[in-house]
Amino acid sequence: MFKRIWLKAATSAARLFILSITTCCLLINFSVFSLANANSVSAVTERLSLDENWHSGTYREQGVTYTPQPTWVQSVPVSEPDIEPTSQLADGIFHLLLDNQYRVSESGEQSKFNRYVIKAVSAKGLEYVSQINVSYDPSYERIAFHGIKVIRDGVEIDKTLDSQFSLDKSDSGSDLLYDGSLNAFWAVNDIRIGDIVEYSFTRFGQNPVFACTFTGSRTLQWQVPIHQQFLRVLWGKSTPLYFKMHNTEQSFTESRLGSETDYQLLVEQQPILAVSNDAAAWYDPYAKAQFSESKDWQSVVDWARPMFERQLDESAALQSKVKQIAEQTDDLAQQVMLALNFVQQDIRYLGIELGSNSHFPAKASDTLAKRYGDCKDKSVLLIALLKGLGVEASPVLVNSQTGESLADSLPSAKGFNHAIVKAKINNKSYWFDPTLLYQQVALDAVYQPNYGYALVLKPGIDALEKMPAEHSGSKIVFAEAYDFSDGVAKPAVFTSKVTYSGYEARSKRAAIVESGVQSLSEQYAKYYDKIFNGLTINTPLAITRDNALGTLSISEDYLLRAPWTEGDNEGFTIYLYETQVSPYLSIPESLSQRALPLSYPLQIEGDIVVSLRDSNWSFTDEVIEEDNPFFKLIYQVAYNKKQHQLTLSYDYRTKVDRVEVEQLDGYIAALKKVESIDSYGIVDYPNATSTATTTDTLAADSLESANPWVLAGILLLLGFVYTLVSLLLEPSSGHDSQFYPVSLVKFFVLSVFSLGLYSAYWSYKNWQYIKYEKDRPDIWPVARAVFSPFWYYPLYLWLEIDRDQRKPHPYLIPAWSAVILFVGYLIYNGVSWETDWGNWDYLIPFIVFAPLVMYVNKINKQNNEAYLANSQWHARNWVFMACMLPLLMYAAAQDFGLTAQDDIIKGENLWSHDIDFMQQNKVFTEMEMPILFYSDDWLSNRADGNGFTPETVFSYWVENDELQVASSPLKDVADIEVDYADSGEESEVTEVTIHVEGGDEFVLYATSTDEKDKVFVKQLMQQWQSQRDDKTAL
């Protein structure tokens, strides 16, 4: 083993030497080439840089200037906490001050001063603090930049002129929105870890669409610590300014400053708050300040309604379109759907949101002519068409994300981000979102998202209206059938028909259009293929639609080639997985308190019918009924003996659209009661009624089919038994000796092969000597050997007494050294159960006991008969080492990463041949490197493994001697579910289910040892969120 290690080291050194020589030659050649071509290269490769003279007024016309801080701004001194909250920081930065000050004049002119003071606490933070971005709309805003300074080791350094500048078009985050914004960018030179960077600027102007009405809000609590926050409003109007504080007892101070009212709020060391990703979008537990000039919702209606009404023109093209619709049918409901489908399908979504266009819609005739528009443009066009058909319709302002919380907010025009339509048809109210696609259904089957509270722009409206949930839900009806009547040896038939309505129907229509029926069919077939070990498509996936009911049905028909899995005792097993109800019964993973959204109204009902072969099946009829404030579920298992048919029935209905914070524990408890219904296992014993096989035949078959690893285990066990019996039956040597001498070489070798336990045997032999030779019958050698770490120092004292009785004194380590070894040995034994010392920590007992062994050997002299007898190598020693050698080799291979380690490891610690293997098999691209990796195989990382790179999450395994690979770009992952290992269960592996957009999913595994699974999940979630953010930005 050691020769192999040295050989590998020598080989590596040789390779390194050759690589170094090759690299030097390449560098020399490159240098010669560079010198020979220096003149030609320098002519074309001059580096470009950003503008270093930006402060000279070059960008004044574009709206960016460099000016001193306004005189009305109140300066807030910067301080640092006595103890930096290191464990709570993220991205390598610490926000020391967040300073926002508004000034509103009597005429309504607005300016906002912003000051940021941030400390870079790590290399990651340098990227953040050294790059300043300010976006603005040049059509109505201008930016006055006041400078940059750095505090380094208590010294203030002006960095305003030591920076570079660029002005570019701002990225709106969507290709379908164009707002004309610009992004001012400063790159600050020479920023170092520990620097405190401070910069400030004032934003002048406001979108003219708001008609000088002032409104705003500021979050006061974050997921990361902010040492100080200052919020100020200098109010110059005579009309009142309304304030509302959320989730905090803090409030603004109010004072007069000349003709203005000065409102101030200083927040220091606000506790951080983290909310789980699965929380409802409208759930906002953070402390927040809100201020608005609007006294009620009617004032918002009065502001918005005229903008929409003036755009409802009546052009010849509009009248022609109305006439065309009316001529197609006399039924008003059908006419409405023709108008809605035209606006949804034929008018593409594109928003030109320059300046006031952000809230001011285009004329209906313009949208019709251009055939594009955003939500408000399409709403105006739909209203114009409906009015032409004689339908009363009004524009509606909603917030598609936080609409449920609008009722708790101050009236504000900025509280909305979306526009829809409310219409009255045949004395019944309907809500239409003209931006939704795939709604070619009857009027009463139209799906409409429930955006919570809405503001209808209609005369006399002075309050928000709660949108009904009637058309915002889904219904799913499924029927699955398995035909196993031919038994386990024959193929089976599986058919499925699922009918969707509401949201789910629209979602499936979108998937069919965007991916195609063929792609959808492949996804579904791939899912069942994994579950049932191979299948053949009997009938192509079929799509049927019923527009009158608004339903969409998907039918599948497969031949399952070998769905049963052979197990022990001649049994065959199959698991049937329910896939419609189960996704809604997953238990939330996070322990944080939050409100959860529920799909509502949602109704799912269906049966799984299993036809079995004629046999004496034993099934127990079962009914599980769970009725709680959140949902009602009825699950039934019934078996028809005459027809040999097993039926699993499901009926699930939600009752509410949310789980409040205080209800979370009750909801999780309800889910745990029904978590077992997601699958049903069946075991078939096809040979149960056949003639029994003889005992001799069974024994022969058992030996022939025995796993070679089992045989190896039996041999190892026999070897250990022989060693133990031989040791116990060993006769006394009969040689005179002082204590128990043994050669240091044998002590070392057996310590290594026994993983450090030989020191306990050596202790036992010495305590046995003391008991009989020193006449100490009270000593129990076995106990002192088992607890040898505690009896190490007493054994040393016996040797010290022996040394003191000898003249001259032979050398024995001093007492203080023994105390250090004794205490260290106790500490090592105390923490070794909790701390991973690697596979070489069994050398520690040898190091601790070696000084005592050498003393005993010295006093017995090396030619002593007892020393020679004890140092001999017996057969049991060789058998024992032969048994232990495979384990030691395996442990060494794990230490050097030559085998799988059943541990979560960093990608940089993987051997290059393992990474090459993954890249060659397209687990990830050649340009990627795993961040974290885990394999639960005991021998090779090539047998299975999973992990993630900065861009890809992956899993692979060997099945039927073929490598199976499941991977996905992180940006295409729709959701990640985590099932942490239960400490009460035998399994110590956490399961992480990756849900990919389009319906695919696969599972990652992570060991829970030392809670490494939580580190794995945390970094995976961070990487996923980063990729999702990048995708959203694109």
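Read-outs throughout are calculated quantities, based only on the coordinates presented, and are distinct from any laboratory measurement. Nothing here was measured: the structure is a model prediction, and the numbers come from that model. Don't worry about glycine lacking a Cβ; one is built from the backbone with ideal geometry, like all the others, and counts go over all protein chains shown.
The table that follows gives values for the structure above.
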| read-out | value |
| --- | --- |
| Stokes-Einstein translational diffusion, region 730-892 - Kirkwood Rh over all Cα pairs, 1.002 mPa s, 20 °C, in µm²/s | 128 |
| Sum of -39500 (n - 2.57) over DSSP H runs of 4+, divided by residues of the chain (222 nm, nearest 500) | -9500 deg cm²/dmol |
| Residue among Asn341, Gln643, Ile425 farthest towards the positive dipole end of the chain, charges placed on Cβ | Asn341 |
| Rg/Rh for region 298-466, where both radii come from Cα atoms and Rh is the Kirkwood radius | 0.94 |
| Selected from Gln324, Leu826, Ala815, residue furthest toward positive end of dipole (the chain; charges at beta carbon) | Ala815 |
| Cα coordinate range in region 340-430, projected on the principal axes (Å, largest first) | 38, 37, 18 |
| Length released on extending from Met927 to Ser485, taking residue separation times 0.36 nm less the Cα-Cα span | 154.0 nm |
| FRET efficiency, 1/(1 + (r/R0)^6) with R0 45 Å, evaluated for Lys672 and Ser75 via beta carbons | 0.20 |
| Exposure proxy ranking, count of Cβ atoms within 10 Å, fewest first, for Thr499, Thr949 | Thr499, Thr949 |
| Size of electric dipole in region 898-1033: Cβ of Lys, Arg +1 and of Asp, Glu -1, about Cα centre, debye, nearest 20 | 620 |
| Extended-chain gain in nm, criterion 0.36 nm per residue less alpha-carbon gap, Gln298 and Lys1031 | 260.0 nm |
| Relative packing of peptides 932-942, 1005-1015 - highest average C-beta neighbours within 10 Å first | 932-942, 1005-1015 |
| Two-decimal log10 I(q)/I(0) for region 954-1034, as the Debye equation yields it once each C-alpha is a single scatterer, q = 0.16, 0.19, 0.22 Å⁻¹ | -0.68, -0.89, -1.07 |
| Protection-proxy order for peptides 64-72, 102-110, 406-414, each taking the mean of Cβ atoms within 10 Å per residue, highest first | 406-414, 102-110, 64-72 |
| Charge dipole magnitude, Cβ of K and R +1, D and E -1 - the chain, Cα centre, debye nearest 20 | 1920 |
| Proxy reagent accessibility, fewest Cβ within 10 Å first, across Trp762, Trp780 | Trp780, Trp762 |
| Arg60 versus Val725: modelled label distance in nm, points set 7 Å from Cα along the beta carbon direction | 10.3 |
| Above-threshold pairs, the threshold being 22 Å between Cα atoms, out of Lys765/Lys807; Lys387/Lys422; Lys807/Lys858 | Lys765/Lys807 |
| Charge-dipole axis of region 514-574 as Lys and Arg at +1 and Asp and Glu at -1 on Cβ define it, positive-most pick from Thr573, Val517, Leu560 | Val517 |
| Charge dipole magnitude, Cβ of K and R +1, D and E -1 - region 450-507, Cα centre, debye nearest 20 | 120 |
| Label assignment, log10 I(q)/I(0) by the Debye sum over Cα atoms at q = 0.04 Å⁻¹ derived from the structure, set [x] -0.34; [y] -0.22; [z] -0.67 | [x] |
| Local electrostatic count at Val398 - Lys and Arg +1, Asp and Glu -1, tallied over other residues with Cβ under 12 Å | 0 |
| Nearest-0.05 FRET efficiency for Asn628 and Arg545, computed from C-beta distance (R0 35 Å) | 0.50 |
| Contact order relative to length of the chain, as percent, for alpha carbon pairs under 8 angstrom and 6 or more apart | 6 |
| For region 899-938, the spread of Cα positions along each principal axis, largest first, Å | 25, 16, 14 |
| Exposure proxy order (Cβ contacts within 10 Å, fewest to most) of Val965, Val992 | Val965, Val992 |
| Contour excess over end-to-end distance, with Cα ends at Lys169 and Ser555 and 0.36 nm allotted per residue | 134.1 nm |
| Formal net charge of residues neighbouring Lys458 (Cβ-Cβ distance under 12 Å; K, R +1; D, E -1) | -2 |
| Highest average packing first - 902-912, 577-587, Cβ atoms within 10 Å | 577-587, 902-912 |
| Debye log10 I(q)/I(0) for region 478-684, one point scatterer per Cα, at q = 0.12, 0.13, 0.18 Å⁻¹ | -0.74, -0.86, -1.34 |
| Radius of gyration, Dmax [region 898-1033; alpha carbons; angstrom] | 14.2, 44 |
